[in-house]
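Chemist: Structure below; questions to follow.
The values are calculated or read from the model by the stated rules, or taken from the named source; none is laboratory data. Since the structure is predicted, the reported quantities are computational estimates derived from the model, not experimental observations. Ideal geometry is used to build each Cβ from the backbone, glycine not excepted, and the neighbour counts take in all protein chains shown.
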Amino acid sequence: MSIAQRFVAGEGEAHPEDSAALTAFRCDSTNLPWIIFRAAFRAAHIEQIPPRARAVLSALARTVDVAKPFGAIFARRELLTGRALQSMRTFYRSLDDLEIAGLIERRPQGRYVEAGLFGRAYLHLTEHAASLLGLIEPSHAHMNEPAQPPLSTTTASAKSSLSVPSANVADGGIYKDLSPSVFQKRQPGKLPADLQRLRTLGLFDFLIFKLMREAREHGKRLSDVVDATWDYLKLAKAPINYLRALLRNPVDFALIVRRRHAELHGEQARTQAHTDAQTIAQQNAGRAFIDVDNARQFVIGAGGDALTIFSVTERVGRQAAGWMPSFAAALKAGKLRPATALDLERFAYAQQQALGEKQSGNVPVTAPKQLVTGAVRDHIAGLRQLLKVRGAGA
């Protein structure tokens, strides 16, 4: 029989009651930039200073500004003691060690003379400490000289340290600046012109862009929804809720907007056509026109607002209503032409012949046409034109 123990202390699975303790562990989730992470790592591995001073210098390296490594470190004692895991007395002893080593500078406390109050005393890294932590490029000419605080600082030296990879770095791909000095704030794009009227309802640009995204998710365009319902939207007490309800509505707002635009364009086209027809009628006031078949004669009144139509088969002319658009279209298409004196004479003769045949009921024998001199013909045409114009004006 074996007398050896089956399980040795410390071996085997963990006890169930220990799993709750494992889940209670917490860790700092701060994501440090590469330069700060390297500075904190170097501060924790300086062998020439005591461990307590290393912890405080590492806490200072985490707090210093990369762009201003020699500037004042704005950190409370509670924050630094918490990061260094030291008591307040040990913290002050660590500061004494760092000051003796020439790594920090403890400047005297400032005073507000006008108020009679004392200000805070800030800590500053020396040039030797900043070079040792990798915050600036080390100066070979001053390596053996005592460290003195510089009068001015620049960020060019901090950036130049990243240009040449170090020989101690295993992967050169991660050797880059992970903490850019300038962060671009996200700005909204240019708001469409047809949606800028939503600002009058109290909607900001960011909210309008969010509503545009929601409209796109519902298969709509916010411009179509606003254009179709603007008369009701501007009267709503809660325009945001009303607009979002419209976005969830399965109505095709794009079709409504297209129909409305088509009606508007059609009305504008009709108005423009009527205006052009009025202009043509005013330009041809008091003139006579005849169609291509010489079957009808059109006489415009002296004011350009009346049109009398004479037919070959009728003795009396007829007044036309709403004639301007159709008259302008026929004139542009070449179906009408200005009547000359010869055209008026021929039309009068054709009208006389047609009326004579209608009264007799028989087709008359055509008599030989008598020769008429040109002077007589022009005189007769002028009289007829004058009589027709006066009759049309009356």
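Chemist: Can you name every residue in the range 101-133 that is within 52 Å of the chain's Cα centre (by Cα), assigned to a loop (DSSP other than H, G, I, E, B) and modelled with pLDDT of 85 or more?
Modeler: Thr126, Leu133
Chemist: Give Asp177, Asp227 a once-over and let me know the one that is over 15 Å from the mean Cα position of the chain (by Cα), modelled with pLDDT under 90 and of a type outside the set (S, T, N, Q).
Modeler: Asp177
Chemist: Select from the range 27-63 the residues that are assigned to a loop (DSSP other than H, G, I, E, B) and closer than 18 Å to Asp97 by Cβ and list them in ascending order.
Modeler: Hits for the range 27-63 are Ala44, His45, Ile46, Glu47, Gln48, Ile49, Pro50.
Chemist: Does Ala333 qualify as being over 30 Å from Arg213 (Cα atoms), assigned by TED's automatic domain parsing to the domain that holds Leu386 and exposed (fewer than 11 other Cβ atoms within 10 Å of the Cβ)?
Modeler: Judged against the criteria, Ala333 is a match.
Chemist: Kindly indicate whether any position in the range 71-86 is acidic (Asp, Glu) and more than 20 Å from His128 (Cα to Cα).
Modeler: The answer is yes; a qualifying residue exists.
Chemist: Hey, can you tell me all the residues within the range 275-295 that are assigned to a strand (DSSP E or B) and buried (at least 18 other Cβ atoms within 10 Å of the Cβ)?
Modeler: First, pick out the residues of the range 275-295 that are assigned to a strand (DSSP E or B): 288-291.
Hits for the range 275-295 are Ala288, Phe289, Ile290.
Chemist: Hey, any hits in the range 293-313 for a residue that's of a type in the set (Asp, Glu), under 56 Å from the mean Cα position of the chain (by Cα) and in the same structural domain as Ala381 (by TED's automatic domain parsing)?
Modeler: Checking the range 293-313: at least one residue is of a type in the set (Asp, Glu), under 56 Å from the mean Cα position of the chain (by Cα) and in the same structural domain as Ala381 (by TED's automatic domain parsing).
Chemist: Moving on. So which of Ala288, Ala269 is closer than 26 Å to His379 by Cα, modelled with pLDDT of 85 or more and hydrophobic (A, V, I, L, M, F, W, C)?
Modeler: Ala288
Chemist: Return the residues of the range 255-274 that are exposed (fewer than 12 other Cβ atoms within 10 Å of the Cβ), over 26 Å from Lys335 (Cα atoms) and of a type in the set (Lys, Arg); say none if nothing qualifies.
Modeler: Arg259 - this is the single residue of the range 255-274 that is exposed (fewer than 12 other Cβ atoms within 10 Å of the Cβ), over 26 Å from Lys335 (Cα atoms) and of a type in the set (Lys, Arg).
Chemist: If you scan the range 275-290, which residues turn out to be in contact with a helix residue (DSSP H, G or I) (Cβ under 7 Å, 6 or more places away or on another chain) and farther than 23 Å from Asp343 by Cα?
Modeler: Asp276, Ala277, Gln278
Chemist: Still on this structure, I have one more. Take Thr366 and tell me if it is assigned to a loop (DSSP other than H, G, I, E, B) and at pLDDT 80 or above.
Modeler: So Thr366 fails the test.
Chemist: Report the residue count in the range 315-333 for those that are in a loop (DSSP other than H, G, I, E, B) and either aliphatic (A, V, I, L, M) or touching a residue at least 12 places away in the same chain (Cβ under 8 Å) (or both).
Modeler: 6
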